[in-house]
Amino acid sequence: MILAIIFGLSLFTALAISFVLLMRRSSEQGALLEEVTRPVQGAGHVPAAWRSAVSADTIAKPFTAFRRFFAAEPDPEIVRRLLLAGYRKPYHADIFLGSRLAVPACLGLAVALLFSENTIIFFLIAVVIGFFAPDFWLAHATNKRRERLRLSLPDGLDLLSICLEAGLGLDQGVVRVGQELHVSHPELSEELLLVNFEQRAGVQRNAAWQSFATRANFESARSFVAMLIQTDRFGTPIAKSLGAFSDALRTQRRQKAEEMAAKTTIKLVPPLVFFIFPSMGVVVVGPAVIAVGDFFAHFLK
């Protein structure tokens, strides 16, 4: 127990000291820039000093310095997984790697301070759970973002079809749709604008859309990109193709909703069997059983 407490305190203290020592400090140029831009900052926003103190870049700086002792660049697989979840900044990978160290340390310290019996066992369990907790969170975030993209794609295709029928080109329509969907569907808006940025950077249209399908990673997006590539290759009207494809996506979404509604009956069986039926049996049959028991007791006497 004493060794676990000492180890947890040491690890937590080391992380805290490294964070304080490597925290970014404002320079004279930064203070001057803050002073100049202060009049145009919104009144409802968080103050600049507090925003700079808690920014993600500042939080990631100690973890970045620690990671550079072992590798010059983050693990490409972690970067790819964070990309699928919508986290594209360079410091996101360092924060994720740092969380694999900070979360086990905090949980281990909490276990060492709260448990007085079987401390070593609970300490090891907490450390293992804390190490894999960021991976579970990342998988959950990726699935949620993929689901939001899947649900927002028909609306985006409808709006894109309207833009094309109004006379805009495909690239201009993508930019317009990305700007219009910024509030209602931010994930799809971000992906569409990223496709446009890649094309402006020199990437071919087909390659940019294939990258979008890879990042989205669901069947509707891959079918949409394949339809775009075939339409561009054979010269068919893209507006009509988008309208037909959007109708198909809406039909699939409605069918999926009906399927989920049909599964509701099956999902209600376990609660009914284990929670509702026993209570109903106690209420309905219980008094009759008590009355029969009293009758036989009186009859035997």
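The numbers here are math on the coordinates, done by the rules we state, and not lab data. From a predicted model like this one, the values you see are computed outputs, not experimental measurements. Ideal geometry is used to build each Cβ from the backbone, glycine not excepted, and the neighbour counts take in all protein chains shown.
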- Residues V292 and V269, FRET efficiency given R0 of 25 Å [Cβ-Cβ distance, rounded to 0.05]: 0.25
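Treat the count of other C-beta atoms within 10 Å as a stand-in for reagent exposure and order T251, T58 from fewest to most.
Values: T251 11, T58 17.
Ascending number of Cβ neighbours within 10 Å: T251, T58.
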- Query: Can you sort F245, F96, F115 so the residue with the fewest Cβ neighbours within 10 Å comes first?
  - Reply: F115, F245, F96
- Note on the structure: Over 30 Å (Cα to Cα) among K61/K144; K144/K263; K240/K263; K89/K240 -> K240/K263; K89/K240
- Query: Give me the log10 of I(q) over I(0) for the stretch 218-301 at q = 0.10, 0.17 Å⁻¹, as the Debye formula computes it from C-alpha points; what are the numbers?
  - Reply: -0.55, -0.83
- Message: Can you give the FRET efficiency to the nearest 0.05 for R222 and S279, using r as the Cβ-Cβ distance and R₀ = 35 Å?
- Response: 0.10
- Item | Phi to ³J(HN,Hα) by Karplus 6.51 cos²θ - 1.76 cosθ + 1.60 over the stretch 212-218, Hz, x for Gly, Pro | 4, 5, 5, 5, 5, 6, 9
- Task: Inverting the mean 1/r over all pairs of different Cα atoms, compute the Kirkwood radius of the stretch 68-162 and quote it in Å.
- Result: 15.8 Å
- For the charge dipole of the stretch 152-202, defined by +1 on Lys and Arg C-beta atoms and -1 on Asp and Glu C-beta atoms about the Cα centroid, which residue among V183, V195, L168 has the Cα displaced farthest towards the positive pole? L168
- Taking the stretch 146-264 and dividing mean pair separation by its residue count, relative contact order in percent (alpha carbons under 8 Å, at least six apart): 31 percent
- Note on the structure: If C106, C163 are placed from fewest to most neighbouring beta carbons inside 10 Å, the sequence is C106, C163
- Query: Over the Cα atoms of the stretch 146-264, what is the Rg over Rh ratio if Rh follows Kirkwood?
  - Reply: 0.97
